[in-house]
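Report on the structure given below.
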Amino acid sequence: MNLYPTPRRLALAAVLAAAGALAACDRPADAAKAEPSRPVSTTQVRFAPAAAPRTLVGVVRARIESNLGFRVTGKIAERLVDRGAVVKAGQPLATLDRTDWTLQLQQAQSALASAQAARDQAVAERGRITSLRGRGWSTNSDFDRANATADQAISAYDQAAKAVTLAQNTLSYATLVADADGVVTATLGEPGQVVAAGQAVISLAHADAREADVSIPETLIDKARTGTATVTLWSRPDKVYQAKLRELTPSADAATRTYPARFSIEGAGPEVDLGMTATVTLADASSVVARLPLGAILDEGHGPAVFVIDPVTRTLTSRPVTVAAYDAQDALVSKGLSDGETVVALGVHKLRAGETVRLASSAAGG
């Protein structure tokens, strides 16, 4: 056996050694390559009221509902509108029998004509006596008598004129007119019925404003007073109206133990009809929070913080936050974040600020 290497063996050994050296040179280069971005689970920041909104169901009503009646006593001669009629301000709604009021006006006008004739005669007589007195053909007593008679006739004429005006007004009161644009919601009198002055005959809902009439349980009174309110209609659930509490009854209803309330519907148009079903949603106005998973909160002794992901570079930034409260699954963050930002939802203890990450999944956020 030949123990000495042949030239062929030496050449093979040289090739193997060179290949090993090249492999050794490649290993540090591979090791120097940057580690791939770590995948992270994320959630998007969404601020919402801390407490869940509460809903109340009611009906749409007019802000002003007037019970209209005649200003004089009489028998209804004609009712000119029915329930549901749309009327304009000044439109006649009903009339009383005018016979007596017409006679009173004619009597007052006759008295006025008589008083006018007496006044004119007395004034003329006073003028004649005054002229005679100036010539010395009349005494002072005649002048005083004529002057007093003229003054009395003038006063009687003024009273007769006022009586005519009063009779005209009384006759006009025999016609009941609408005091505003609106809708007739009830008719409480019929032809032939004798009604007293002020007795309700027509109910009119004014057309200028609409409100949601609801009943509020005592547990929601504070929310109704301090929170925000919106109104939706059962017939148009996609349309949301801003609302404002206008009226809250100070005492509870004896039967339901709830508090009747009225919410003004802002921007209500003709599509908001009386009697429609209205849903009032109450939400807290002052307390809004973002719900984040408990795994998104990092606290290393300097207070709670979260990792915010830059939307362009995908790098992490540690952001201090204020946690208003914790529940079984979420942390309620009140300060430190902006709506729409993306934060790491899980595994924050394995990350560091400035690290580049890859978005693996998104959890539902606040």
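Throughout, read-outs are computed from the coordinates displayed, never taken from laboratory work. All values derive from a computational prediction rather than experimental measurement. For neighbour counting, all protein chains shown are included, and Cβ atoms are generated from backbone atoms with ideal geometry for every residue, glycine included.
Just to be sure I understand the model, the point goes 7 Å from the Cα along the line to the Cβ. What's the resulting TRP234 to ARG314 distance in nm?
5.2 nm
Scan the range 79-163 for chymotrypsin sites (Phe, Trp or Tyr not before Pro) in coil per DSSP, keeping those whose Cβ has at most 10 other Cβ atoms within 10 Å, and list them by number.
Sparse-neighbourhood loop chymotrypsin sites (Phe, Trp or Tyr not before Pro): TRP137.
Using θ = phi - 60° and the Karplus curve 6.51 cos²θ - 1.76 cosθ + 1.60, what whole-Hz ³J(HN,Hα) does each residue of the range 145-154 get, with Gly and Pro shown as x?
Karplus-based 3J(HN,Hα) across the range 145-154 equals 5, 5, 5, 5, 5, 5, 4, 5, 5, 5 Hz.
Using C-alpha positions alone, give me the convex hull volume of the range 73-223 per residue in cubic angstrom.
Dividing the Cα hull volume of the range 73-223 by its residue count gives 215 Å³.
Rounded to whole Å and ordered largest first, report the semi-axes of the equivalent ellipsoid of the range 271-366 derived from its Cα gyration tensor (root of 5λ).
Values for the range 271-366, descending: 34, 16, 11 Å.
Taking the Cα atoms only, what angle lies between the long axis of helix 99-135 and the longest principal axis of the chain, rounded to 10 degrees?
60 degrees
Which three lengths, in whole Å and largest first, does the chain cover when its Cα atoms are put on their principal axes?
For the chain, the Cα spread along each principal axis is 187, 56, 41 Å.
How far apart, in nm, are two points set 7 Å out from the Cα along the Cα-to-Cβ line at VAL194 and at ASP213?
About 3.3 nm, to one decimal.
For helix 7-32, what angle does its Cα long axis make with the longest principal axis of the chain, in degrees from 0 to 90 and rounded to 10?
20 degrees
Which aspartates and glutamates have a Cα lying under 15 Å from the Cα of LYS244, excluding residues fewer than 8 positions away in the same chain?
Partners found: GLU211, ASP213, ASP222, GLU266, ASP284.
For a test of the definition: using alpha carbon positions, the gyration tensor, and the 1.5 limit on a/c, classify the range 99-172 as rounded, prolate or oblate.
prolate
Sort SER334, SER110 so that the residue with the fewest other Cβ atoms within 10 Å of its own Cβ comes first and the one with the most comes last.
Fewest-to-most Cβ neighbours within 10 Å comes out as SER110, SER334.
Say R0 is 22 Å: what FRET efficiency, to the nearest 0.05, do SER338 and THR281 get from their beta-carbon distance?
Given R0 = 22 Å and the Cβ-Cβ separation, E is 0.30.
If you place +1 on the Cβ of every Lys and Arg, -1 on the Cβ of every Asp and Glu, and leave all else neutral, what size is the dipole of the range 99-172 about its Cα centre, to the nearest 20 Debye?
Here the size comes out at about 280 debye.
Select from the range 229-319 those trypsin sites (Lys or Arg not before Pro) which occupy a DSSP coil region and have at most 12 other Cβ atoms within 10 Å, ordered by residue number.
Sparse-neighbourhood loop trypsin sites (Lys or Arg not before Pro): ARG257.
Could you pull out the GluC sites (Glu not before Pro) across the range 202-278 that fall in loop regions by DSSP (anything but H, G, I, E, B) with no more than 12 other Cβ atoms inside 10 Å?
Answer in residue order: GLU271.
Just going by the charge dipole of the range 99-172, with Lys and Arg at +1 and Asp and Glu at -1 on Cβ, which of ALA111, THR170, ALA156 is farthest out on the positive end?
Most positive-ward Cα: ALA156.
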